[in-house]
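The values are calculated or read from the model by the stated rules, or taken from the named source; none is laboratory data. Please read all numbers here as calculations on a predicted model, not as lab measurements. Positions of Cβ are backbone-derived with ideal geometry, glycine not excepted, and every protein chain shown enters the neighbour counts. Side chains included, ligands, DNA and RNA excluded: accessible areas come from the protein's heavy atoms. Shrake-Rupley method; radii C 1.70, N 1.55, O 1.52, S 1.80 Å.
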Amino acid sequence: MKIPFNKPYLTGKEAHYIYQAVYSGKISGNGSFTKKCQQYFESRYGFKKTLLTTSCTDALEMTAILMNIMPGDEVIVPSYTFVSTALAFIRQGAYVRFADSEKDTPNIDAEKIEPLINDKTKAIIVVHYAGMACDMDKVMALAHKYNLFVVEDAAQAVDSFYKGKPLGSIGHLGTFSFHETKNLSSGEGGMLTINDDRFIERAEIIWEKGTNRSQFFRGQINKYCWVDTGSSFLLSDVIAAFLYAQLENIDDIQSKRKAIWNHYYNSLIQLQSEGFLTLAKLPNYATNNSHMFYLVCNSIEQRTDLISYLKSEDVLSVFHYLSLHKSEYYKNKHDGRELPMSDIYENCLLRLPLYYELSSEQVSFVCEKIISFFRK
Ligand SMILES: *Cc1c(COP(=O)(O)O)cnc(C)c1O
């Protein structure tokens, strides 16, 4: 039994929609499948405005441009996250102040943000790790108090909620990823969500290489021209066609993933009672979109042994982020604070296989192996 960590899921409609896009005669960005996807997200989740982008990284770069992040500005970012969450702001010349994770979840610890705020701070970037919400009321209250922007890196958080509100709809701006490893995928792809009206018009311009082409296509102006900075952030409609096939099946995909997640949880919870490991703890304000099943080992040695034991049984499990404040690129720029929780997740967090086609027998097999590893 060979069990990979991830396997991209195909609903069966992808090639059909790509064929339609190809023969429609319009395969560049902002075509009919792009509009269908954007409308779906806007009507289902109530995002004010969405724009499909080539990646979540690009959507994050758009947020940095929209907030006018410049050299001399500071942004607050969790250390335990993917590189792009920080990189998008570094590229605009900002200084990043890394924040630690919570004790109970890898999310940014909202209680530890306030001391990081100073006159130069422009924005707080939160990451909903594993698709489980950060404590957004606390983050938004700080943003209000100090007049800061909030960006939700909701790359992993499609179809997940905070106190009933869809993730990606709470901060001023939000970003999603449709990378191969995410719940909904188009190989590469992303989306910007705009929840503050002030950003909508400019976002379309930045998306279209600094031109007002979107207004031109809507017939609002009679020629389009260069009006601002920007880049080519649009997703090709061929890829949007692929994404649309996934989007149509979102409920099926989510329920399948939830069943797998619950199977893992129910089989491994006993090991937590016995003190061998810690499973994800869902705060009462958050939902679980089953993006990821992770466990936290008691030490890095234990995690290394568990990874190799599972590998010997043909099961691929993987650790996750290396704390960004200690990275090769940033360690000399970091202000020197210790971020102990981030280090714990770097060393001890382990992710188990979770993908649509993972069978119940395979999940049972992985759980049996983990149980026998600890009880041996
Ligand atoms: C996947 C991911 C990204 C990057 O997404 P891309 O679409 O590959 O650019 C950024 N942030 C987080 C938290 C992610 O999980």
| note | Of the listed residues (ALA110, ALA94, ALA59, ALA86), the one being of a type in the set (A, V, I, L, M, F, W, C), closer than 21 Å to LEU339 by Cβ and touching a Leu at 6+ places or on another chain (Cβ under 6 Å) is ALA86
| task | Mind counting the residues in the stretch 345-376 that are modelled with pLDDT of 95 or more and in a helix (DSSP H, G or I)? | result | 19
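Listed here are the residues, each with its yes/no results for (1) open to solvent by less than 20 Å² (accessible area, probe 1.4 Å); (2) assigned to a loop (DSSP other than H, G, I, E, B).
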position	(1), (2)
PHE176	yes, no
ASN183	yes, yes
THR193	yes, no
PHE216	no, no
THR229	no, yes
PHE242	no, no
GLN254	yes, no
| Filter result (surrounded by fewer than 24 Cβ atoms within 10 Å (Cβ to Cβ) and in contact with a helix residue (DSSP H, G or I) (Cβ under 6 Å, 6 or more places away or on another chain)) within the stretch 77-95 | SER84, GLN92
| Pairs where the first residue, in the stretch 239-261, is under 23 Å from GLU361 (Cα atoms) and the second is acidic (Asp, Glu), C-beta under 8 Å, 6+ apart | GLN254/ASP159
| task | Sort out which residues of the stretch 275-317 are small (Gly, Ala, Ser) and surrounded by 18 or more Cβ atoms within 10 Å (Cβ to Cβ), and write them in order of number. | result | ALA280, ALA286, SER290, SER317
| remark: Of those in the stretch 38-79 that are part of a helix (DSSP H, G or I) and polar (S, T, N, Q), the residue farthest from SER232 (Cα to Cα) is SER43
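Is it fair to say GLN272 is without any contact (Cβ under 8 Å) to a residue 24 or more places away in the chain, open to solvent by 10 Å² or more (accessible area, probe 1.4 Å) and over 30 Å from ASN68 (Cα atoms)?
Details: without any contact (Cβ under 8 Å) to a residue 24 or more places away in the chain: yes; open to solvent by 10 Å² or more (accessible area, probe 1.4 Å): yes; over 30 Å from ASN68 (Cα atoms): yes.
Yes, satisfied.
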| Mind checking which residues of the stretch 96-116 are assigned to a loop (DSSP other than H, G, I, E, B) and open to solvent by less than 30 Å² (accessible area, probe 1.4 Å)? | ASP100, THR105, PRO106, ASN107, ASP109, ILE113
